[in-house]
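**Student:** Questions regarding the structure given below will be posed in turn.
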Amino acid sequence: MKHFIWMLCGIFISGLLLGTLTACGADQFSTAVITTTKQAPTSEAAPETEDPPAPEKTPRPGDSITAEEDEARRLAYGKALWDMYLLGLRPDGETLERSSDQGPAGGNRFALADLNGDGAEELIVCWDQACMAGMEGLVYTYDYPEDELRLLLLEFPSMTFYENGVAAADWSHNQGWAGRFWPYTLYQYSEDSGVYEEIASADAWDRSVTEGDPQLSAAFPKDADADGDGLVYYILTGEWYQNPHASEEDNFSTLWGAAPVDGAALEEWLNSYTGGAEPLEIPYQPLEDVSISALGYPKPDVTYPEPVG
């Protein structure tokens, strides 16, 4: 009897399983194989090697400047600035023009900046508070261990410096025919001489300045004015200032003995020296007690003469 019951149970379970397989479809089943076996590398690991040697450091010009030299430089600059500010004296003893000898000469400017890329800062002084003829732009360097200041450039205070050692200084006056263009002189710092050497000057003829004179209007070099803006330029080299303002024939076509060029040629000439570099941003400060004292040299005790009357 028990055997018969077990047979019925088996038939029932078999039928149930068969119905399930038929309803779901045998093609709905697949087999997924999961393995945790780590695949062997296709090639042997590279043997460990020592770290490559660090590249040698390329020395820079400023690497040789010691803290002692740098401090001595700032003290020397501070002393020179006090002498200018309080006494109106340059480091060479020459007198700077001042409005009065009864107090400090305020209103002028100075800055410390590395102008020639040697890693050492130069001292730039713009002595603006004087009549036009008395204004001076001065650039000094400090020679160590000689403990001396050396003048690199003496010009009008309106100066522009480029990172490759080129400098441009505006002329103090523009009373010629340049009109819209302000003439300037270009300099290049020379490692051989240790100063800024003059390259050339740039001047211009603005047609609008001379258009009231029929002779000059007729002489204006229109052929050189390629862009038609009424301006031609003259690149003046050598002792150009000794040349006559006009030729013997008075046709004014050889102004200062140089051939006229257009603006594009002048720009190309300037870029040949500056390399297209942007002017340096010079951190000028007012020439006054606070800014000079920051260099570390103590303020001298100066007694000024009593006012007359």
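**Student:** In segment 191-219, which residue that is in contact with a strand residue (DSSP E or B) (Cβ under 8 Å, 6 or more places away or on another chain) and free of Cβ contacts under 8 Å to residues at least 24 places away in the same chain is surrounded by the fewest Cβ atoms within 10 Å (Cβ to Cβ)?
**Tutor:** Looking at the filtered set, the residue picked out is E197.
**Student:** Take the residues in segment 106-122 that are within 18 Å of G137 (Cα to Cα) and not in a strand (DSSP E or B), then tell me which one is farthest from the chain's Cα centre (by Cα).
**Tutor:** The residue in question is G106.
**Student:** Let me ask something else. Sort out which residues of segment 51-88 are among the charged types (D, E, K, R) and at pLDDT below 55, and write them in order of number.
**Tutor:** D51, E56, K57, R60 - these are the residues of segment 51-88 that are among the charged types (D, E, K, R) and at pLDDT below 55.
**Student:** Could you please find all residues in segment 149-180 being open to solvent by less than 30 Å² (accessible area, probe 1.4 Å) and assigned to a strand (DSSP E or B)?
**Tutor:** Once the filter is applied, which keeps residues that are open to solvent by less than 30 Å² (accessible area, probe 1.4 Å) and assigned to a strand (DSSP E or B), segment 149-180 yields L152, L153, M159, F161, Y162, V166, A167, A168, A169.
**Student:** Could I ask something else about it? Return the pair list, or none, for Cβ contacts closer than 8 Å from residues in segment 119-140 that are in contact (Cβ under 8 Å) with a residue 12 or more places away in the chain and within 18 Å of Y189 (Cβ to Cβ) to residues that are assigned to a strand (DSSP E or B) and among the polar types (S, T, N, Q), at least 6 apart or on different chains.
**Tutor:** Listed by first residue and then by second, the contacts come to A120/T141; E122/T141; L123/T141.
**Student:** Now for a separate question. May I ask you to verify whether Y142 is crowded, with 18+ Cβ neighbours inside 10 Å, touching a helix residue (DSSP H, G or I) at 6+ places or on another chain (Cβ under 6 Å) and within 17 Å of N116 (Cα to Cα)?
**Tutor:** In short, yes.
**Student:** Scan (1) closer than 16 Å to D128 by Cβ; (2) modelled with pLDDT under 95; (3) among the aromatic types (F, W, Y) for the single condition F156 breaks and write down its number.
**Tutor:** The single condition F156 does not satisfy is (2).
**Student:** If you take the residues in segment 254-309 that are outside any helix (DSSP H, G or I) and among the polar types (S, T, N, Q), which one is surrounded by the most Cβ atoms within 10 Å (Cβ to Cβ)?
**Tutor:** Ranking the candidates gives T254 first.
**Student:** Is it the case that segment 88-105 has a residue that's out of contact with any strand residue (DSSP E or B) (no Cβ under 7 Å at 6 or more places or on another chain), open to solvent by 50 Å² or more (accessible area, probe 1.4 Å) and outside any loop (DSSP other than H, G, I, E, B)?
**Tutor:** No, because not a single residue in segment 88-105 is out of contact with any strand residue (DSSP E or B) (no Cβ under 7 Å at 6 or more places or on another chain), open to solvent by 50 Å² or more (accessible area, probe 1.4 Å) and outside any loop (DSSP other than H, G, I, E, B).
**Student:** Can you confirm whether segment 80-87 contains a residue that is open to solvent by 60 Å² or more (accessible area, probe 1.4 Å), out of contact with any Cys (no Cβ under 7 Å at 6 or more places or on another chain), part of a helix (DSSP H, G or I) and closer than 16 Å to S291 by Cβ?
**Tutor:** Scanning segment 80-87, I find no residue that is open to solvent by 60 Å² or more (accessible area, probe 1.4 Å), out of contact with any Cys (no Cβ under 7 Å at 6 or more places or on another chain), part of a helix (DSSP H, G or I) and closer than 16 Å to S291 by Cβ, so the answer is no.
The values are calculated or read from the model by the stated rules, or taken from the named source; none is laboratory data. No experiment lies behind these values; they were computed from the predicted model shown. Quick reminder, even Gly has a Cβ in these numbers, built from the backbone with ideal geometry, and neighbours come from all protein chains shown. With ligands, DNA and RNA removed, areas are computed over all heavy atoms of the protein, side chains included. Shrake-Rupley method; radii C 1.70, N 1.55, O 1.52, S 1.80 Å.
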